[in-house]
Every structure is written in structure tokens, then in C-alpha cells.
1. Can you tell me how much longer the chain between I64 and S45 gets when fully stretched, taken as 0.36 nm per residue apart minus their C-alpha distance, in nm with one decimal?
2. So how much accessible area does W94 have, in Å² to the nearest 10, using a 1.4 Å probe?
3. Please give me the summed charge of the neighbours of L76: other residues whose Cβ is under 15 Å from its Cβ, Lys and Arg +1, Asp and Glu -1.
4. Rank D100, D23 by accessible area, highest first, at a 1.4 Å probe radius?
Amino acid sequence: MTDQEPGLFDLPRAGIASPAIEDVPISPEQIASIRSALDKAGIVSMAERQEVIQSCVIRSISNIRELYSRDVRQVLARIEGWGSKSEPTSGSAWDNREEDTWIDKL
């Protein structure tokens, strides 16, 4: 390698543009999926729904249509974990197993 050749991390950057992240508005299908997930999770009050959605985004949201398409995955994940709280387990992992093992099937 000579001094004229670019090194491993010194490649020329001409003509390379970083892709811009656009704020694509939420689609009607995404709105329907969020509403369905909220209903399935039992989150029915508007105040609680707003609290769940607001906890996922940094900006203030007063209407579900103010969300961006990129926010939907985070909102759905938060809804899924909203009401579930892990119960304290007692006993060992063996005692708390959910499936039968080959020993149980004998």
C-alpha cells in the first residue's frame, strides 16, 4: 500500500449522501392496529390511552393521528407490556416450569 491509496477507514466520501429520515404520517392501517392492541390490552379510557402513547414519544401528542409511522412499533411494544407485571415466583426454576419434561412423562 502506498501513501497515495486511501487507508481502510479513509475512503473518499464524495458523492455519498446519508439518507434523510422522513417523518411519514401514520397510516389508517397503523391507527387501526394501535386501536386494536389497546382494546385487546383492556386500555379503554382516553386518558390511559394517551398516557401509554405519550410514554413512547418525546413530543406532546393530543391525537393518535399526530404519530409518525416510525412511532408505531414502539407504541405497540409498550401496549403489549403495559398491563403485564411479572408475579414474584416462589420456589426454584424447576418448580416454576410450565411444560412437562421427559421425566414427568415417564
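The values are calculated or read from the model by the stated rules, or taken from the named source; none is laboratory data. If you're wondering where the values come from, they're calculated on a predicted model, not measured in any experiment. We place every Cβ from the backbone using ideal geometry, glycine too, and count neighbours over all the protein chains shown. When the accessible area is computed, the model is the full protein with side chains, heavy atoms only, and any ligands, DNA or RNA have been set aside. Shrake-Rupley method; radii C 1.70, N 1.55, O 1.52, S 1.80 Å.
1. Separation in residues times 0.36 nm, less the Cα-Cα distance, equals 5.4 nm.
2. Here the accessible area works out near 130 Å².
3. Summing Lys/Arg as +1 and Asp/Glu as -1 gives +2.
4. Ranked from most to least accessible, the order is D100, D23.
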